[in-house]
Amino acid sequence: AALFIYLNRHGFNGLCRYNRKGEFNVPFGRYEKPYFPAKELLAFHQKSSSKTATVKLIHQDFRTTMNQAQTGDVVYCDPPYVPLSATASFTGYAAGGFSPRDQQDLADLASDLSSRGVTVLISNHNTPFTQQAYAEAHIQTLSVQRNISCQGSQRGKASEILALFKA
């Protein structure tokens, strides 16, 4: 986790991207003094390793993880976002990518979990695809600043959604 945060804080605009081999693939940013949250990491470590902690960190497919949720749980999903256009079709954040089928599976699982007493919140781009996929959710739209583009003049606002599948 510390290595990931280090790379994220020192990489170009906080971008996280991997190549087809699963290797981190982001150029270094031009920062004079990037902030590294050492105190926050130490505090998290202390809280998560205490005898009263109920923290469980896992690394597995989202389908497996979501199917482990139990009544009363709240799940937040921040998947690789659906592309805003055909020319902005980068989905290779990780080896294997995150396909439209994966996006639909995530929406279907969220709907299923809500019917079983689990609240699910998903963030994504506001597109016709996400509006359709999250149609059963309560959708809130918002405008957010985008700071990653090869052309600085094209860095602007993007429409995002928060889709709440309430238990």
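The values are calculated or read from the model by the stated rules, or taken from the named source; none is laboratory data. Since this is a predicted model, take the numbers as computed values, not measurements. Note that we place each Cβ from the backbone using ideal geometry, even for glycine, and neighbour counts take in every protein chain shown. Accessible surface is based on the protein model in full, side chains and every heavy atom, while ligands, DNA and RNA are left aside. Shrake-Rupley method; radii C 1.70, N 1.55, O 1.52, S 1.80 Å.
The table below gives the values:
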quantity: Flag if residue 51 is basic (Lys, Arg) and assigned to a loop (DSSP other than H, G, I, E, B); calculated: yes
quantity: Flag for residue 71 being outside any loop (DSSP other than H, G, I, E, B), at pLDDT 85 or above, open to solvent by 40 Å² or more (accessible area, probe 1.4 Å) and farther than 22 Å from residue 159 by Cα; calculated: no
quantity: Segment 80-126: number of residues that are at pLDDT 90 or above, crowded, with 16+ Cβ neighbours inside 10 Å and assigned to a loop (DSSP other than H, G, I, E, B); calculated: 2
quantity: Total residues in segment 127-158, condition open to solvent by less than 50 Å² (accessible area, probe 1.4 Å), at pLDDT 90 or above and in contact with a strand residue (DSSP E or B) (Cβ under 7 Å, 6 or more places away or on another chain); calculated: 4
quantity: Filtered residue count, segment 42-65, keeping only those that are surrounded by 11 or more Cβ atoms within 10 Å (Cβ to Cβ) and modelled with pLDDT under 90; calculated: 4
quantity: Which listed residue is part of a loop (DSSP other than H, G, I, E, B), farther than 30 Å from residue 99 by Cβ and either out of contact with any helix residue (DSSP H, G or I) (no Cβ under 7 Å at 6 or more places or on another chain) or at pLDDT 90 or above (or both), from 20, 30; calculated: 30
quantity: Matching residues, segment 2-59, being on the phi > 0 side of the Ramachandran plot and of a type in the set (Gly, Ala, Ser); calculated: 14, 22
quantity: Segment 114-137 residues that are of a type in the set (A, V, I, L, M), paired with ones that are open to solvent by 10 Å² or more (accessible area, probe 1.4 Å) and part of a loop (DSSP other than H, G, I, E, B) (beta carbon under 6 Å, 6 or more apart); calculated: 118/69; 118/73; 118/167
